[in-house]
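The structure under discussion appears below in the form of structure tokens.
The values are calculated or read from the model by the stated rules, or taken from the named source; none is laboratory data. Source: prediction; values computed, not measured. Methodologically, a virtual Cβ is constructed for each residue, glycine included, from the backbone with ideal geometry; neighbour enumeration extends over all protein chains shown. Ligands, DNA and RNA are excluded from the accessible area calculation, which covers all protein heavy atoms including side chains. Shrake-Rupley method; radii C 1.70, N 1.55, O 1.52, S 1.80 Å.
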Amino acid sequence: MKIIDAKVIVTCPGRNFVTLKITTEEGIHGIGDATLNGRELAVVSYLEDHLVPCLIGRDARQIEDIWQFFYRGAYWRKGPVGMAAIAAIDTALWDIKAKAANMPLYDLLGGKSREGVMVYGHANGEDIEETCDEVARYLELGYKAIRAQCGVPGMPSTYGVAQDKMFYEPADADLPSENIWSTAKYLNHIPKLFARLRDQFGFDVHLLHDVHHRLTPIEAGRLGKDLEPYRLFWLEDAVTAELQEGFRLVRQHTTTPLALGEIFTTIYDCHQLLSEQLIDYIRTTVVHAGGITHLKRIASLAELYHIKTGCHGATDLSPVCLGAALHFDSWVPNFGIQEYMRHTEATDEVFPHAYTFADGNLYPGDTPGHGVDINEELASKYPYQRAYLPVNRLEDGTMFNW
Ligand code: GCO
Ligand code: MG
């Protein structure tokens with residue numbers, strides 16, 4: 001099954017997406033997501049200039065060997081640009097193999113472990129009142145799990161609070177916009193949000209919250225402790241995780257479940273977090289962690305330590321990544337939850353897909369492969385537009401984490 005073509009497609013139906021399309025001599029094609037938000041063209045070049053020339057002529061059936069060839073063969077390992085490129089190749093090859101076998105991808109992985117994939121939606125508002133209204137709306141839509149983010153008094157803007165409620169899009173500027181951050185104001189406010197949410201909605205709905213890498217371990221310990229009465233499903237990215245052992249301190253202070261890993265690119269970014277049971281949910285997903293092949297390894301290591309999956313699923317992960325993730329989620333034994341931020345209608349048109357939403361779950365569909373395709377003609381109508389994620393500064397001007 002010789003690979004005869006590998007094409008990189010860049011499209012911007014409301015936001016930028018990079019897609020790799022691989023075709024075999026039998027005429028079977030598969031696609032993979034290669035989108036790296038705010039750094040898209042680096043992955044395009046990495047694929048076109050360095051990986052595609054080595055891919056043509058290889059046997060599409062040898063997914064593992066091709067993965068190892070590109071991971072080990074570069075000599076330079078890991079990193080978001082390289083791993084997103086490898087992920088795109090890997091996802092496209094799994095898509096091809098499943099299509100050739102005439103199976104939905106979850107069958108090739110080992111079969112379905114569950115009927116539906118529980119997802120969480122995103123409620124957010126300028127203040128507590130507005131956030132409560134949004135949670136109510138998500139409950140009406142059937143969601144069983146909802147992430148709640150809220151504006152903080154005295155801070156002009158904060159992560160996770162959107163202009164357009166259904167389509168949150170932080171990469172919104174031609175040059176990075178600058179936000180202001182105050183840890184003290186944030187830590188004082190967030191427990192009030194969850195006190196109010198539990199008061200109004202009770203304990204049946206799963207509630208989640210994303211700190212977005214902004215606390216020190218001891219501050220995270222305090223927030224986790226303050227939130228314990230409200231029984232969060234998880235507290236996400238409480239601390240940046242370059243220092244994996246830093247999470248020991250968070251763990252010593254709180255039983256609030258911790259989620260981490262949307263920016264990890266390999267198993268080496270989390271092996272200590274997993275083996276010391278410092279987190280409860282691992283957030284790595286298909287596109288940024290080396291594709292299905294590597295994600296399976298991470299999930300298997302996590303399973304050994306009672307840690308569940310919770311794949312990243314923001315809007316910058318294309319429908320191709322979401323489709324592949326849903327097949328992975330349907331199979332993986334230690335599934336926890338899947339993030340779901342809706343894509344715009346224009347994006348959904350460019351990427352026709354088999355997955356559907358009902359009753360708080362996503363269903364991957366039964367079409368052979370991962371069930372997502374790209375309409376190239378439509379994609380070509382939306383040229384790339386430079387867009388950056390914001391940056392963050394403390395109130396005194398010091399650069400901080402966004
Ligand atoms: C999440 C994430 C996103 C990221 C985005 C960056 O939990 O969904 O934190 O909102 O900020 O994916 O590109
Ligand atoms: Mg996050």
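Of everything in segment 210-253, what is within 16 Å of ligand 1 (Cβ to nearest atom) and touching a Cys at 6+ places or on another chain (Cβ under 9 Å)? Give them in sequence order.
Matches in segment 210-253: Ala241 only.
Can you tell me which condition Lys381 does not meet? The list is (1) touching a Pro at 6+ places or on another chain (Cβ under 9 Å); (2) surrounded by 13 or more Cβ atoms within 10 Å (Cβ to Cβ); (3) not β-branched (Val, Ile, Thr), and all the others hold.
Evaluating Lys381 over (1) touching a Pro at 6+ places or on another chain (Cβ under 9 Å); (2) surrounded by 13 or more Cβ atoms within 10 Å (Cβ to Cβ); (3) not β-branched (Val, Ile, Thr) leaves (2) as the failure.
(1) more than 19 Å from the chain's Cα centre (by Cα); (2) acidic (Asp, Glu); (3) closer than 23 Å to Trp234 by Cα: which one isn't true of Glu169, the others all being true?
Failed condition: (1).
Among the residues of segment 52-64, write down those that are surrounded by 17 or more Cβ atoms within 10 Å (Cβ to Cβ) and either in a helix (DSSP H, G or I) or not assigned by TED's automatic domain parsing to the domain that holds Ile9 (or both).
Val52, Leu55, Ile63 - these are the residues of segment 52-64 that are surrounded by 17 or more Cβ atoms within 10 Å (Cβ to Cβ) and either in a helix (DSSP H, G or I) or not assigned by TED's automatic domain parsing to the domain that holds Ile9 (or both).
Does any residue of segment 267-284 turn out to be β-branched (Val, Ile, Thr), open to solvent by 10 Å² or more (accessible area, probe 1.4 Å), within 25 Å of Trp67 (Cα to Cα) and free of Cβ contacts under 8 Å to residues at least 60 places away in the same chain?
Within segment 267-284, one or more residues are β-branched (Val, Ile, Thr), open to solvent by 10 Å² or more (accessible area, probe 1.4 Å), within 25 Å of Trp67 (Cα to Cα) and free of Cβ contacts under 8 Å to residues at least 60 places away in the same chain.
Within segment 363-377, track down each residue that is open to solvent by less than 40 Å² (accessible area, probe 1.4 Å) and either more than 18 Å from Leu317 (Cα to Cα) or outside any loop (DSSP other than H, G, I, E, B) (or both).
Answer for segment 363-377, where residues must be open to solvent by less than 40 Å² (accessible area, probe 1.4 Å) and either more than 18 Å from Leu317 (Cα to Cα) or outside any loop (DSSP other than H, G, I, E, B) (or both): Gly365, Gly369, Val372.
Restricted to segment 126-171, and to residues that are in a loop (DSSP other than H, G, I, E, B) and aliphatic (A, V, I, L, M), which residue is farthest from ligand 2 (Cβ to nearest atom)?
Going through the qualifying residues, I end up with Leu141.
Within segment 65-90, can you find the residues that are among the charged types (D, E, K, R), in a helix (DSSP H, G or I) and surrounded by fewer than 23 Cβ atoms within 10 Å (Cβ to Cβ)?
Correct list: Asp65, Arg72.
Filter segment 384-402 down to the residues that are among the β-branched types (Val, Ile, Thr) and open to solvent by 50 Å² or more (accessible area, probe 1.4 Å) and list them by number.
Hit for segment 384-402 is Thr398, nothing else.
Yes/no matrix, rows are residues, columns are (1) within 14 Å of ligand 1 (Cβ to nearest atom); (2) under 24 Å from Arg39 (Cα atoms):
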position: Cys311; (1), (2): yes, yes
position: Asp316; (1), (2): yes, yes
position: Pro319; (1), (2): no, yes
position: Leu322; (1), (2): yes, yes
position: Asp329; (1), (2): no, no
position: Glu339; (1), (2): yes, yes
position: Glu345; (1), (2): no, yes
position: Pro352; (1), (2): no, no
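Kindly indicate whether any position in segment 142-150 is open to solvent by 10 Å² or more (accessible area, probe 1.4 Å) and either among the hydrophobic types (A, V, I, L, M, F, W, C) or over 21 Å from Ala195 (Cα atoms) (or both).
Yes, segment 142-150 contains a residue that is open to solvent by 10 Å² or more (accessible area, probe 1.4 Å) and either among the hydrophobic types (A, V, I, L, M, F, W, C) or over 21 Å from Ala195 (Cα atoms) (or both).
Can you tell me how many residues in segment 327-362 are assigned to a strand (DSSP E or B) and in contact (Cβ under 8 Å) with a residue 40 or more places away in the chain?
Total meeting the criteria: 9.
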